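The values are calculated or read from the model by the stated rules, or taken from the named source; none is laboratory data. Since this is a predicted model, take the numbers as computed values, not measurements. Cβ: placed from backbone, ideal geometry, glycine included. Neighbour counts: every protein chain shown.
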């Protein structure tokens, strides 16, 4: 089964809705949440909610009873606006947002999720049920990273833009200088034997950390000194399905945490389709132009907005650590009208930190505005 990737704009739209829903609270169990699974008959859901309106007449509190019945009516009217259940199902929420002040302020939200829903829910509670939408946001895809030499190894996952360390191991390979009384041949055999045990242990740790990920493991990249990586790869230390997942190797100068960062930087060709590599590439393009052709870039909120009004922005760069989701949405709408591209950059890469330090707003320009 292939992994479904939610486009960034859809992901942000879903994230905004979840945040808005989670911010609401009712005094009593009067917020209604309904999930309609893909392929389910929407008329059956409407009939069910109509039945629940009758059941709600048994609620003792007149205020709560009225709020629940009105929320159900609001939801029924929303659902009647659909001739059939959308392709991916539907999530609908309704409630009186003014109940804490004793006011009538009924709202409803509906969203066709970007991936199919496979769960049916009706719930009346003090908060909206959002965890199933939140689960859709979790990108379970990952790349395995292995950095090793004959003495040490680090195993990690690349999830999105973040390196998640999993395992460290240290070998018993002796140093290059033998103890007194040892023959050169015996010492060499000891070193080779210890190296083999080290490689076996690394392969076993890879199996433990990666194999259970199944199809969510998109690939494995192994890095280290060239000779070490070749020794490891040329023998059957890694076998079966895990070996098929190895998509490349890189010759590194470092091991440990520095080695993991170096491996990520040297693997852009292998991760070209991944967001982290795309972010680094566009930011490097901006920084290079900032040095060599500064009139065709700009940064800072005021300068970027000036360039947008002039229709000069080719690619707009926004730091997700600085710019709120609502503001990002506004910029995307404005960019769509002018044919500009919007790239949201995380603060988890070196280049992302540089954008944050520039104020969080930057742009590559179609023409000079100075």
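Collect the residues in region 244-254 that are over 20 Å from residue 227 (Cβ atoms) and either more than 23 Å from the chain's Cα centre (by Cα) or part of a strand (DSSP E or B) (or both), keeping them in residue-number order.
Restricting attention to region 244-254, the residues satisfying the condition of being over 20 Å from residue 227 (Cβ atoms) are 244-245, 247.
244, 247, listed by residue number.
What about residue 296, is it touching a helix residue (DSSP H, G or I) at 6+ places or on another chain (Cβ under 9 Å), surrounded by fewer than 16 Cβ atoms within 10 Å (Cβ to Cβ), over 20 Å from residue 15 (Cβ atoms) and not assigned by TED's automatic domain parsing to the domain that holds residue 19? Can you show your working first?
Working: touching a helix residue (DSSP H, G or I) at 6+ places or on another chain (Cβ under 9 Å): yes; surrounded by fewer than 16 Cβ atoms within 10 Å (Cβ to Cβ): no; over 20 Å from residue 15 (Cβ atoms): yes; not assigned by TED's automatic domain parsing to the domain that holds residue 19: yes.
Against the criterion (touching a helix residue (DSSP H, G or I) at 6+ places or on another chain (Cβ under 9 Å), surrounded by fewer than 16 Cβ atoms within 10 Å (Cβ to Cβ), over 20 Å from residue 15 (Cβ atoms) and not assigned by TED's automatic domain parsing to the domain that holds residue 19), residue 296 does not qualify.
Just to be sure, is residue 257 surrounded by fewer than 20 Cβ atoms within 10 Å (Cβ to Cβ), under 29 Å from the mean Cα position of the chain (by Cα) and either farther than 22 Å from residue 164 by Cβ or in the same structural domain as residue 152 (by TED's automatic domain parsing) (or both)? Write out each step before concluding.
Numbers: surrounded by fewer than 20 Cβ atoms within 10 Å (Cβ to Cβ): yes; under 29 Å from the mean Cα position of the chain (by Cα): yes; either farther than 22 Å from residue 164 by Cβ or in the same structural domain as residue 152 (by TED's automatic domain parsing) (or both): yes.
Yes: the conditions hold for residue 257.
Would you confirm, using the coordinates I've provided, whether residue 108 is under 24 Å from residue 12 (Cα atoms) and surrounded by fewer than 21 Cβ atoms within 10 Å (Cβ to Cβ)? Explain how you work it out, then say what you get.
On the way: under 24 Å from residue 12 (Cα atoms): yes; surrounded by fewer than 21 Cβ atoms within 10 Å (Cβ to Cβ): yes.
Against the criterion (under 24 Å from residue 12 (Cα atoms) and surrounded by fewer than 21 Cβ atoms within 10 Å (Cβ to Cβ)), residue 108 qualifies.
For the condition touching a strand residue (DSSP E or B) at 6+ places or on another chain (Cβ under 6 Å), buried (at least 18 other Cβ atoms within 10 Å of the Cβ) and modelled with pLDDT of 90 or more, what is the one hit in 248, 224? Spell out how you get there, then give the answer.
Working: 248 fails: buried (at least 18 other Cβ atoms within 10 Å of the Cβ).
Among 248, 224, only 224 is touching a strand residue (DSSP E or B) at 6+ places or on another chain (Cβ under 6 Å), buried (at least 18 other Cβ atoms within 10 Å of the Cβ) and modelled with pLDDT of 90 or more.
Scanning region 111-155 for residues that are crowded, with 16+ Cβ neighbours inside 10 Å, over 21 Å from the mean Cα position of the chain (by Cα), assigned by TED's automatic domain parsing to the domain that holds residue 86 and not in a loop (DSSP other than H, G, I, E, B) returns 122, 124. More than 30 Å from residue 270 (Cα to Cα), at pLDDT below 95 and in contact with a helix residue (DSSP H, G or I) (Cβ under 8 Å, 6 or more places away or on another chain) - does that describe any residue in region 132-154? The answer is yes; a qualifying residue exists.
Can you find even one residue in region 234-243 that is in contact with a strand residue (DSSP E or B) (Cβ under 8 Å, 6 or more places away or on another chain) and buried (at least 20 other Cβ atoms within 10 Å of the Cβ)? It would help to see each step written out before you state the result.
Initially, region 234-243 is screened for residues in contact with a strand residue (DSSP E or B) (Cβ under 8 Å, 6 or more places away or on another chain), giving 238, 242.
In the following step, the residues that additionally are buried (at least 20 other Cβ atoms within 10 Å of the Cβ) were identified as 238.
Taking every residue of region 234-243 in turn, at least one turns out to be in contact with a strand residue (DSSP E or B) (Cβ under 8 Å, 6 or more places away or on another chain) and buried (at least 20 other Cβ atoms within 10 Å of the Cβ).
Checking each residue in region 53-100 for being out of contact with any helix residue (DSSP H, G or I) (no Cβ under 6 Å at 6 or more places or on another chain), in contact (Cβ under 8 Å) with a residue 60 or more places away in the chain and assigned to a helix (DSSP H, G or I) picks out only 100.
Whether any residue in region 340-351 is under 29 Å from residue 163 (Cα atoms), outside the structural domain of residue 153 (by TED's automatic domain parsing) and assigned to a helix (DSSP H, G or I) is what I want to check. The answer is yes, given that some residue of region 340-351 is under 29 Å from residue 163 (Cα atoms), outside the structural domain of residue 153 (by TED's automatic domain parsing) and assigned to a helix (DSSP H, G or I). Looking at 14, 72, 21, just one residue is crowded, with 19+ Cβ neighbours inside 10 Å and at pLDDT below 95, and that residue is 14.
Does region 271-292 contain any residue that is in contact with a helix residue (DSSP H, G or I) (Cβ under 9 Å, 6 or more places away or on another chain), crowded, with 18+ Cβ neighbours inside 10 Å and not in a helix (DSSP H, G or I)? Yes. Within region 308-329, the residues that satisfy the criterion of being under 13 Å from residue 366 (Cα atoms), in contact with a helix residue (DSSP H, G or I) (Cβ under 8 Å, 6 or more places away or on another chain) and not in a strand (DSSP E or B) are 308, 311. For region 24-52, taking the residues that are in contact (Cβ under 8 Å) with a residue 24 or more places away in the chain and part of a helix (DSSP H, G or I), the one that is surrounded by the most Cβ atoms within 10 Å (Cβ to Cβ) is identified as 45. Residue 235 fulfils the conditions (1) more than 24 Å from residue 267 (Cα to Cα); (2) at pLDDT below 90 except for a single criterion, (1).
Quick one: which of 305, 332 is in a helix (DSSP H, G or I) and in contact with a strand residue (DSSP E or B) (Cβ under 7 Å, 6 or more places away or on another chain)? Write out each step before concluding.
On the way: 305 fails: in contact with a strand residue (DSSP E or B) (Cβ under 7 Å, 6 or more places away or on another chain).
Of 305, 332, the one residue that is in a helix (DSSP H, G or I) and in contact with a strand residue (DSSP E or B) (Cβ under 7 Å, 6 or more places away or on another chain) is 332.
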